[in-house]
Amino acid sequence: MSGPEPVGGTDGDGGLVSATITIVGAGLGGLALARVLHMNGIDAVVYERESSRDARGQGGMLDLHSGTGQRALREAGLIDQFHAIARREGQDLRLLQPDGTLLLQEDTPDDAPLERPEVDRADLRNLLLDSLPERAVRWGRAFESADDGLLHFADGSSATYDLLVGADGADSRVRALLTDARPAHTGQNVVELGIPDVDRTHPDLAAMVGRGNYWVLGNGQSLSAQRNGDGRVRIYLSFNTAEDWFATSGIPFGDPAAARARLIDLFSGWDSRFTALIAACDDTVLPRSITALPVGLTWPSRPGVTLLGDAAHLMPPVGQGANMALLDGALLGLALAAHPDDFPAAVKEYEREMFARTSAVGRQSAYVQEILTSPDASRKMLAFFQPG
């Protein structure tokens, strides 16, 4: 066991460590913070529990909004690079009822503004990673605890810090330093499936789903499909069920073929095109419980530690989480750049704005989640998209 990595000294690998700002978690928000700090001449180190950037899949598509996620990338000097990987056509939307009735179809013109383009999460993360110095991210460092300016990692190593930023997601360990709040189950459980290379393997289903998002909303359950930039269609089956449903449902998630058959049974009575989507999926079957933090969560500002992204304001997955995390990172970076000699003042400024912004967005996300899980969800969602 080596001693801690000292500020202004050398780490265990012999590299210079001049950073006093330590970020736990190499997700989008933590990387955006590191990038904005780097642009403003402030060093920071990101510690990530995963062993490398390719240690696991990063999930599906994200729609980045012009005033939030894209604003963050502008502040990070990466908007042109983002436009090069963004998928304008990913804004396409089809909304249907379980009997196959098409309620809404929005097709994006080729010259449409990039208001909410889609981007593969992995591509966006790689864009941020590639914008940082090589030693900015330390892989394979699982955060365990922090005390008196010292971080402790699962491998027995440690590091010093002046400001600790918890960007470590829904199950944040840093969060406990500021609040006792924990994510709670929302009453929704989701199973992710997927069809690889859909244009070649299932051109009929590819044409049905289209270029962007395909939503079928029923009473208590839904099916959504999302075209990814790599040719894969990710399919999400959502159920309004108890927290222990995965254990009690009888679905053999360890046996993909049997799990798909059981899931198809749960959609009996739906148009056969929708169950055909499930039947065409590969052996990826990923069950996920949906949790959220209390809307409007705050904490007394504490010198030396703060949170961003899902660690601070985990919301239902309705298109806001990544945007808020990116903007958190960018705005915290700008606040620290404006107060380089007064981190507590910068943190208070950041938290004041973040609490107000994310509380409003959290309320909106909860409202959308309520629509999605309500009886006659498809008609209510149509009214949401076409008010008046």
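Here ALA184 meets the list (1) under 26 Å from LEU331 (Cβ atoms); (2) touching a Pro at 6+ places or on another chain (Cβ under 9 Å); (3) open to solvent by 50 Å² or more (accessible area, probe 1.4 Å) almost entirely, failing just condition (1). Tell me, yes or no, whether the stretch 243-253 has at least one residue that is more than 26 Å from the chain's Cα centre (by Cα) and either assigned to a helix (DSSP H, G or I) or under 24 Å from GLY90 (Cα atoms) (or both). Yes, there is a match, as at least one residue in the stretch 243-253 is more than 26 Å from the chain's Cα centre (by Cα) and either assigned to a helix (DSSP H, G or I) or under 24 Å from GLY90 (Cα atoms) (or both).
Taking ARG227 as the residue in question, decide whether it is open to solvent by less than 40 Å² (accessible area, probe 1.4 Å), touching a Pro at 6+ places or on another chain (Cβ under 7 Å), among the charged types (D, E, K, R) and in contact (Cβ under 8 Å) with a residue 24 or more places away in the chain. Taking the combined requirement at face value, the residue does not satisfy it.
The condition of being surrounded by 14 or more Cβ atoms within 10 Å (Cβ to Cβ) and assigned to a helix (DSSP H, G or I) does not hold for ARG94. Would you check if GLY321 is open to solvent by 20 Å² or more (accessible area, probe 1.4 Å), under 17 Å from GLY69 (Cβ atoms) and modelled with pLDDT under 95? Yes. Among the residues of the stretch 160-190, what is the count of those that are in a strand (DSSP E or B) and of a type in the set (A, V, I, L, M)? Adding up the residues that qualify gives 5.
When LEU114 is tested against (1) in a loop (DSSP other than H, G, I, E, B); (2) touching a residue at least 60 places away in the same chain (Cβ under 8 Å), exactly one condition is not met: (2). Before we move on, is LEU104 within 26 Å of LEU286 (Cα to Cα) and over 21 Å from the mean Cα position of the chain (by Cα)? Answer is no for this residue.
Each row is one residue, and each column tells you yes or no for (1) more than 17 Å from THR298 (Cα to Cα); (2) over 17 Å from the mean Cα position of the chain (by Cα); (3) touching a residue at least 40 places away in the same chain (Cβ under 8 Å).
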site: LEU326; (1), (2), (3): yes, no, yes
site: HIS339; (1), (2), (3): yes, yes, no
site: VAL347; (1), (2), (3): no, yes, yes
site: SER365; (1), (2), (3): yes, no, yes
site: PRO387; (1), (2), (3): yes, yes, no
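Pairs linking a residue in the stretch 188-213 that is over 22 Å from ALA258 (Cα atoms) and at pLDDT 95 or above to a residue that is in a helix (DSSP H, G or I) and of a type in the set (Lys, Arg), with Cβ atoms under 7 Å and 6 or more positions apart or on different chains, are MET208/ARG273. Across the stretch 203-217, the qualifying residues are those that are assigned to a loop (DSSP other than H, G, I, E, B) and either of a type in the set (A, V, I, L, M) or surrounded by fewer than 20 Cβ atoms within 10 Å (Cβ to Cβ) (or both), and the one among them that is farthest from the chain's Cα centre (by Cα) is GLY210. Restricted to the stretch 233-274, and to residues there that are among the basic types (Lys, Arg) and in contact (Cβ under 8 Å) with a residue 40 or more places away in the chain, the residue that is most open to solvent (accessible area, probe 1.4 Å) is ARG273. Here LEU297, LEU277, LEU286, LEU334 are screened, and the one residue that is open to solvent by 20 Å² or more (accessible area, probe 1.4 Å), closer than 30 Å to ASP255 by Cβ and of a type in the set (A, V, I, L, M) is LEU286.
The values are calculated or read from the model by the stated rules, or taken from the named source; none is laboratory data. As the structure is a computational prediction, the values presented were derived from the model and not from experiment. Every residue, glycine as well, gets a Cβ built from its backbone with ideal geometry; the counts of neighbours run over all protein chains shown. Just so you know, the surface numbers come from the protein's heavy atoms only, side chains and all, with ligands and any DNA or RNA stripped out. Shrake-Rupley method; radii C 1.70, N 1.55, O 1.52, S 1.80 Å.
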